[in-house]
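The values are calculated or read from the model by the stated rules, or taken from the named source; none is laboratory data. Keep in mind the model is a prediction, meaning the values are calculated, not measured. A quick note on method: Cβ atoms are made from the backbone with ideal geometry, for glycine too, and the neighbour counts reach across all protein chains shown.
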């Protein structure tokens with residue numbers, strides 16, 4: 001037989017088509033909006049690692065991996081931020097720390113001129129809907 005058998009090619013093509021049809025809607029995240037058009041370019045990719053402040057369960061405060069006192073936080077951040085382009089700060093706090101301490105650090109950062117603060121959390125937390133695991137009513 002000298003003909004090319006097209007059946008395996010068509011089967012593979014159909015499977016790929018189905019995979020892409022299922023995966024394509026999952027690639028779009030968020031609420032659909034009609035964004036305005038502009039001539040501005042895209043934002044540059046991250047060049048530096050954002051600064052991270054960590055509040056440990058035993059009450060220590062760490063700037064990246066260096067322990068600092070609360071009175072040194074803002075002066076140290078200003079010195080480091082003067083040499084950086086990215087002004088984001090990630091705040092990591094142990095879950096056992098009282099909310100008041102986390103808010104006090106956030107307030108100190110804000111009053112020190114650092115407004116781009118992100119709270120770092122772990123995923124797979126409780127879902128507060130009827131099908132969620134671990135949610136309280």
Next on the checklist: When you check residue 101 against the structure, is it within 21 Å of residue 64 (Cβ to Cβ) and at pLDDT 80 or above, yes or no?
Outcome noted: yes
Checklist entry - Residues in segment 79-98 that are in a loop (DSSP other than H, G, I, E, B), closer than 20 Å to residue 57 by Cβ and either in contact with a strand residue (DSSP E or B) (Cβ under 9 Å, 6 or more places away or on another chain) or modelled with pLDDT under 80 (or both): how many? => result 4
